[in-house]
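Read through the structure below, which is laid out as structure tokens, and then see the notes.
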Amino acid sequence: MIGLQLFAIVILDPTDYPSSSAYIWVVRILSVGFFVALVGAFVGLSFDIIYVAESSEWTPSMWYSLMFFVPVIGVVIGLHYLSKRSRYVGLF
């Protein structure tokens with residue numbers, strides 16, 4: 001969430017908006033959107049872990065949820081999860 005706010009501060013120039021309150025609203029909307037997407041991804045991963053555990057002999061750990069919080073290493077964690085998931089139940 002902090003990363004998105006920094007994005008809004010660095011990329012979005014406050015002088016482009018008619019007032020600073022418009023700039024603040026843009027940052028708030030982006031922050032709420034990011035938070036909703038993060039919660040949705042976490043809930044989706046939780047249900048996917050339950051599905052994989054019931055469908056195969058592999059029980060994924062909730063440590064895979066770190067992929068949503070660690071920016072660079074998260075890609076590696078996500079790819080590792082998808083490769084193990086495809087070996088046990090397939091991707092779809």
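Quick grid of which residues meet (1) at pLDDT 90 or above; (2) part of a helix (DSSP H, G or I); (3) surrounded by 15 or more Cβ atoms within 10 Å (Cβ to Cβ):
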position	(1), (2), (3)
LEU38	no, yes, no
THR59	yes, no, no
TRP63	yes, yes, no
HIS80	yes, yes, no
ARG87	yes, yes, no
LEU91	no, no, no
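Does PRO71 satisfy the condition of being loosely packed, with under 11 Cβ neighbours inside 10 Å, at pLDDT below 90 and closer than 21 Å to SER83 by Cβ? Lay out the reasoning, then the answer.
Details: loosely packed, with under 11 Cβ neighbours inside 10 Å: yes; at pLDDT below 90: yes; closer than 21 Å to SER83 by Cβ: yes.
Here the answer is yes, as PRO71 does meet what is asked.
Can you pull out every residue in segment 35-49 that is aliphatic (A, V, I, L, M) and touching a residue at least 12 places away in the same chain (Cβ under 8 Å)? Result: LEU38, ALA41, LEU45, ILE49. Scanning segment 22-63 for residues that are in contact with a Pro (Cβ under 7 Å, 6 or more places away or on another chain) and more than 21 Å from HIS80 (Cβ to Cβ) yields a single hit, TYR23. Close Cβ contacts (under 7 Å, 6 or more residues apart or on different chains) running from residues in segment 61-72 that are at negative phi to residues that are surrounded by 11 or more Cβ atoms within 10 Å (Cβ to Cβ) and not in a helix (DSSP H, G or I) are absent.
The values are calculated or read from the model by the stated rules, or taken from the named source; none is laboratory data. The model shown is predicted, which means the values in this text are computed figures rather than measured ones. Ideal geometry is used to build each Cβ from the backbone, glycine not excepted, and the neighbour counts take in all protein chains shown.
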